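J.: Pasting a structure below so you can have a look.
The values are calculated or read from the model by the stated rules, or taken from the named source; none is laboratory data. Keep in mind that what you see is a predicted model, and the values were worked out from it rather than measured. Please note: Cβ atoms are built from the backbone with ideal geometry, for glycine as well, and neighbour counts cover all protein chains shown.
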Amino acid sequence: MRIVCVGGGPAGLYFAISAKLRDSAHDITVIERDPPGATYGWGVVYWDNLLDSLYSNDRESARQLRAASALWQEQQFRLCSEQTAYLPGYGYSLGRASMLDILARRAIGLGVDVQYRRDVDDLSVFADADLVVACDGANSRVRQLHGDHFGTTVDTGNNPYIWLGTDKVFDSFVFAFEETPAGWVWFHAYPSSAGISTCIVECTAQTWRGLGLDSLDVEDGVRMLEKIFSTALDGHSLINQSRGVPGRWLRFTQVNNEVWYHDRVVLVGDAAHTTHFTIGSGTRLAILDAIALAQSLYEHPDVPVALQRYDLERREGIREAQAAARSSMAWFEQIDRYTDRDAVEFCFAMAGRGGALRPWRYQRHLANQVPVLRRARRIAHTGRRWYRARRRGEPSSRAVYGMPQRPVLAPVPGNGRTATDRPVAERARPRD
């Protein structure tokens, strides 16, 4: 089958990998308008459920992605640099540029033709393609070329936000809220690569204008944010450029489509749907779309049937995440309703932004603030990581599971020593 993927992000590259693993005879081209390594954004977060799917689908790229990732433990909630509350849990984070590098190398190694610096404004140049996969983001040009056939609706969020980096290395997922004369400003931060953390700054539109961020040069605005968050950042700097691409203020684009395919064109990832960044699921859902589409094409040689099955399966698969994302976005847009609370109460309100929490959960939340109980929970999570990592076949390394490293002893002379979504990928074991 001749397949063209328009868009060289995680969705396009991982679909190409997944489809090639299932049928190496596919002739697949990935077209990306930017040069190699150019990416907007700093890092992505994910959890064990995505690792399960990655290892089940393509062990080789999964090992490389996990090796390039950082482990973070707990979520810290800091209020006015004076109060701190905690939520349990752990996850992984990875620099977006590193992810794209790994996936591009893997795709090329499997025989995929990856072309950079090429714009696509007319699909007639792909008249010989059996399938065109539109994975060119929320503002998909391929989708727009088809007018109203996909039934696209686009809504814009109210809060301005900007993706930045910082040389402050966090070991937890951190929310920091600071009050200014113009209103509240906050960031979401997590480690994303060696020596760098991702730091997404957000505020209401009223605060944004009140601080003058709507009229300031972006670099001057970033310097202002450094001062506002000086305590939360421990005096470290904010970084406004990723691989030479400067950050800019955005408002979240919420994309929905009534149908994800038309004729020989199919939508994947953000071109099909978007989920607000505050739930950290955009990349995971894009990769699961890619796996599901490759699997459907493998199971159904008739392309229209394969696209229909993919549409039905993934639309249902993202329903819960989309609902949670809408609730999360609305909570942050109405944050003034909660700012009269202390850190523990505020943190609990944020934890429940996806839906009402039962009363007993508040008692557990209070227990999570006790240091000895937090340490016990972290030990339990270390055991869970060990179990899940061994089950999916990760290398046996204490560092992988976030365990303390054993001390290095001098050698004795003469003795030298040196997923919720798994079923989608498991129905057919990819062939490498």
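J.: Out of Ala349, Ala290, Ala330, Ala306, which single residue is within 22 Å of Gly137 (Cβ to Cβ), aliphatic (A, V, I, L, M) and part of a helix (DSSP H, G or I)?
T.: Ala290
J.: For the stretch 229-246, which residues satisfy the criterion of being under 28 Å from Thr84 (Cβ atoms), surrounded by fewer than 20 Cβ atoms within 10 Å (Cβ to Cβ) and aliphatic (A, V, I, L, M)? Quick ask: steps written out before the conclusion?
T.: Residues of the stretch 229-246 that are under 28 Å from Thr84 (Cβ atoms), as a first pass: 229-240.
In the following step, the residues that additionally are surrounded by fewer than 20 Cβ atoms within 10 Å (Cβ to Cβ) were identified as 230-231, 234-237, 239-240.
Answer for the stretch 229-246, where residues must be under 28 Å from Thr84 (Cβ atoms), surrounded by fewer than 20 Cβ atoms within 10 Å (Cβ to Cβ) and aliphatic (A, V, I, L, M): just Ile239.
J.: Can you tell me which residue in the stretch 361-379 is surrounded by the most Cβ atoms within 10 Å (Cβ to Cβ), limited to those that are within 29 Å of Ala62 (Cα to Cα) and touching a strand residue (DSSP E or B) at 6+ places or on another chain (Cβ under 9 Å)?
T.: Arg377
J.: From the residues in the stretch 49-92 that are in contact with a Cys (Cβ under 9 Å, 6 or more places away or on another chain) and either hydrophobic (A, V, I, L, M, F, W, C) or not in a strand (DSSP E or B) (or both), which one is nearest to Tyr338 (Cα to Cα)?
T.: Here the residue is Leu79.
J.: Okay, next question. Considering only residues that are part of a loop (DSSP other than H, G, I, E, B) and within 20 Å of the chain's Cα centre (by Cα), look in the stretch 226-253 and name the one that is modelled with the lowest pLDDT.
T.: Checking each candidate, the answer is Arg243.
J.: Name the single residue that is farthest from Val305 (Cα to Cα) among those in the stretch 124-163 being under 26 Å from the mean Cα position of the chain (by Cα) and β-branched (Val, Ile, Thr).
T.: The qualifying residue farthest from Val305 (Cα to Cα) is Ile162.
J.: Being in contact with a helix residue (DSSP H, G or I) (Cβ under 7 Å, 6 or more places away or on another chain), among the charged types (D, E, K, R) and not in a helix (DSSP H, G or I) narrows it down to one residue among Asp119, Asp136; which is it?
T.: Asp136
J.: Additional query: For the stretch 154-171, name all the residues that are over 22 Å from Gln334 (Cβ atoms) and surrounded by fewer than 19 Cβ atoms within 10 Å (Cβ to Cβ).
T.: Asp167, Val169, Asp171
J.: Provide a single number: the residues in the stretch 172-191 that are in a loop (DSSP other than H, G, I, E, B) and touching a strand residue (DSSP E or B) at 6+ places or on another chain (Cβ under 6 Å). If you could, list the steps in order and put the result at the bottom.
T.: Narrowing the stretch 172-191 to residues in a loop (DSSP other than H, G, I, E, B): 172, 181-182.
Those left that are additionally touching a strand residue (DSSP E or B) at 6+ places or on another chain (Cβ under 6 Å): 172.
Going through the stretch 172-191 one residue at a time, the tally reaches 1.
J.: Does Val268 satisfy the criteria of being buried (at least 24 other Cβ atoms within 10 Å of the Cβ) and not basic (Lys, Arg)?
T.: Here the answer is yes, as Val268 does meet what is asked.
J.: Right, here's the next one. Looking for something out of contact with any strand residue (DSSP E or B) (no Cβ under 9 Å at 6 or more places or on another chain) and either farther than 20 Å from Asp130 by Cβ or acidic (Asp, Glu) (or both) - is there at least one such residue anywhere in the stretch 291-298?
T.: For the stretch 291-298, residues out of contact with any strand residue (DSSP E or B) (no Cβ under 9 Å at 6 or more places or on another chain) and either farther than 20 Å from Asp130 by Cβ or acidic (Asp, Glu) (or both): absent.
J.: May I ask you to verify whether Pro88 is out of contact with any Gly (no Cβ under 8 Å at 6 or more places or on another chain) and either of a type in the set (Val, Ile, Thr) or farther than 21 Å from Arg378 by Cβ (or both)?
T.: Working: out of contact with any Gly (no Cβ under 8 Å at 6 or more places or on another chain): yes; either of a type in the set (Val, Ile, Thr) or farther than 21 Å from Arg378 by Cβ (or both): no.
For Pro88, the condition - out of contact with any Gly (no Cβ under 8 Å at 6 or more places or on another chain) and either of a type in the set (Val, Ile, Thr) or farther than 21 Å from Arg378 by Cβ (or both) - is not met.
J.: For the stretch 177-225, how many residues are closer than 21 Å to Leu79 by Cα and either of a type in the set (A, V, I, L, M) or surrounded by fewer than 16 Cβ atoms within 10 Å (Cβ to Cβ) (or both)?
T.: Result for the stretch 177-225: 16.
J.: Can you work out which of the residues in the stretch 69-109 that are within 14 Å of Trp42 (Cα to Cα) and out of contact with any Phe, Trp or Tyr (no Cβ under 9 Å at 6 or more places or on another chain) is surrounded by the most Cβ atoms within 10 Å (Cβ to Cβ)?
T.: Met99
J.: Here is a check on your reading of the model: is Arg117 among the charged types (D, E, K, R) and either out of contact with any Gly (no Cβ under 6 Å at 6 or more places or on another chain) or modelled with pLDDT of 95 or more (or both)?
T.: The answer is yes for Arg117.
J.: Suppose we keep only residues that are over 20 Å from the mean Cα position of the chain (by Cα) and assigned to a helix (DSSP H, G or I) within the stretch 1-48. Which one would you say is surrounded by the fewest Cβ atoms within 10 Å (Cβ to Cβ)?
T.: Arg22
J.: Restricting the search to the stretch 314-346, which residues are surrounded by fewer than 16 Cβ atoms within 10 Å (Cβ to Cβ) and more than 23 Å from Phe175 (Cβ to Cβ)?
T.: Within the stretch 314-346, Glu316, Arg319 qualify.
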